[in-house]
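Trainee: Got a structure here, written out as structure tokens. Questions coming.
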Amino acid sequence: MQALGLADNLDTFNTLVAAYAEKSRHYHTGAHINACLIHFDTALHLAQQPSAVELALWFHDAVYKPRSSTNEADSANWCKEFLRQNQAPEEVVHKVHRLIMATCHNALTTDSDEQLVVDIDLAILGAPKDIYQAFELNVRKEYRWVPGFIFRAKRKQILQQFLQRKRIYHHSFFYDRLEIQARYNLDAAIAHF
């Protein structure tokens, strides 16, 4: 908040922490945000607008309802409203909104900061095998209401889409560290389904 010239906003921080602690969440929790922020700390040198990237990471899964297809947009809109209430410059409002929307993972990223947010959000794919397996189990818990055969088919399709990319990670910083393990994890998960 200081870097953006805004007040501390402790109430919003507490609301975000509560959102990430909702009982329906098993992966998209505060632990995920913490992991994202740790990855960001190691890749800070890649950020063009570090404060915008960090704020986007804080808000990118603020709204997470497994039955909804608008979680990213709802999270981005919450952040947009928060920034406007705090009189942030409109270019910051639009920048952070775009960064959060990039985590839909279904569109081309248009700048380096969008690519950075996506790389950080997808860092879990390149985690060590046991951490990746826990991630898959937690995603399944978030979608436990979906019948197994439907979940397996949809999950396999999503994972294959990542494998079909020429590169999962945009920045060499992440590509060099995570790409091989991510492809191994994805192949193993698909074979399991």
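The values are calculated or read from the model by the stated rules, or taken from the named source; none is laboratory data. Here the structure is a predicted model, which is why all the values come from computation and not from measurement. As a convention, Cβ positions derive from the backbone with ideal geometry for all residues, glycine included, and neighbour counts pool all protein chains shown. Accessible surface areas use protein heavy atoms only, side chains included; no ligands, DNA or RNA. Shrake-Rupley method; radii C 1.70, N 1.55, O 1.52, S 1.80 Å.
Trainee: List the equivalent ellipsoid semi-axes of segment 1-72 in whole Å, largest first, each obtained as the square root of 5λ for an eigenvalue λ of the Cα gyration tensor. Working shown, then result.
Mentor: Details: eigenvalues 99, 46, 25 Å².
Semi-axes, largest first: 22, 15, 11 Å.
Trainee: Continuing with the same structure: Averaging over all projection directions, find the projected area of the Cα convex hull of segment 20-151 and quote it in nm² with one decimal place. Working shown, then result.
Mentor: Working: hull surface 34.3 nm².
Projected area, direction-averaged: 8.6 nm².
Trainee: Right, something else. With every protein chain left in place, what is the accessible area of residue 109 in Å² (1.4 Å probe, nearest 10)?
Mentor: My reading of the accessible area for residue 109 is about 30 Å².
Trainee: Residue 22: net charge of surrounding residues, Cβ under 15 Å, Lys/Arg +1, Asp/Glu -1, itself excluded?
Mentor: Charge balance near residue 22 sits at +3.
Trainee: While we're looking at this one, here's another question. For residue 133, what is the net charge nearby, where nearby means another residue's Cβ is under 14 Å from its Cβ and Lys, Arg count +1, Asp, Glu -1? If you can, show how the numbers build up before the last one.
Mentor: Working: positive: 129, 140, 141, 155; negative: 130, 136, 187.
Within the 14 Å Cβ shell, the charges total +1.
Trainee: Work from the charge dipole of the chain (Cβ charges, +1 for Lys and Arg, -1 for Asp and Glu, about the Cα centre) and give the residue of 178, 58, 44 farthest towards its positive end.
Mentor: The residue sitting farthest along the positive end of the dipole is 178.
Trainee: Quick check: net charge around residue 164, other residues with Cβ under 13 Å of its Cβ, Lys/Arg +1 and Asp/Glu -1?
Mentor: Every neighbour counted, the sum reads +4.
Trainee: For segment 96-148, with only Lys/Arg (+1) and Asp/Glu (-1) charged at the beta-carbon, what is the dipole magnitude about the Cα centre, in debye rounded to 20? Could you put the intermediate results ahead of the total?
Mentor: Numbers: 5 positive and 8 negative charges, 72 e Å.
Computed about the Cα centre, the dipole is about 340 debye.
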